[in-house]
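Engineer: Can you keep this structure in mind? I'll have questions shortly.
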Amino acid sequence: MEIEYGAEVRDKNGKVLGTVNKVIRDSWTGEISKFQVTTDPTEVGFFIPPQNIDKATPKEIKLNVALEEL
């Protein structure tokens with residue numbers, strides 16, 4: 001799974017949460033440990049672990065949880 005900067009993030013109900021602003025990788029394995037989603041360039045984002053991803057393409061990420069569950 002590859003997550004790219006700027007990919008649109010949607011919850012399991014299809015609601016757009018924002019876009020990927022930062023990807024954090026494990027320094028030993030290089031695997032993604034979490035990624036940051038921002039809703040507005042002026043707001044502080046929130047982090048989502050990869051186990052909450054249902055499907056991912058370079059342009060869109062669909063989560064397996066609703067916004068209220070994060």
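We did not get these values from a lab; they are worked out from the coordinates using the rules stated. Quick caveat, the model's predicted, so the values are computed rather than measured. Neighbour counts run over all protein chains shown; Cβ positions are idealised from the backbone, glycine included.
Engineer: Take region 21-42 and flag every residue that is under 19 Å from residue 69 (Cβ atoms) and either in contact (Cβ under 8 Å) with a residue 24 or more places away in the chain or part of a loop (DSSP other than H, G, I, E, B) (or both).
Structural biologist: Result: 35, 37, 39.
Engineer: Considering only region 3-20, how many residues are part of a loop (DSSP other than H, G, I, E, B) and out of contact with any Lys or Arg (no Cβ under 9 Å at 6 or more places or on another chain)?
Structural biologist: 3
Engineer: What residue, among those in region 43-65 that are surrounded by fewer than 12 Cβ atoms within 10 Å (Cβ to Cβ) and in contact (Cβ under 8 Å) with a residue 24 or more places away in the chain, is farthest from residue 11 (Cα to Cα)?
Structural biologist: Among those residues, the one meeting the criterion is 58.
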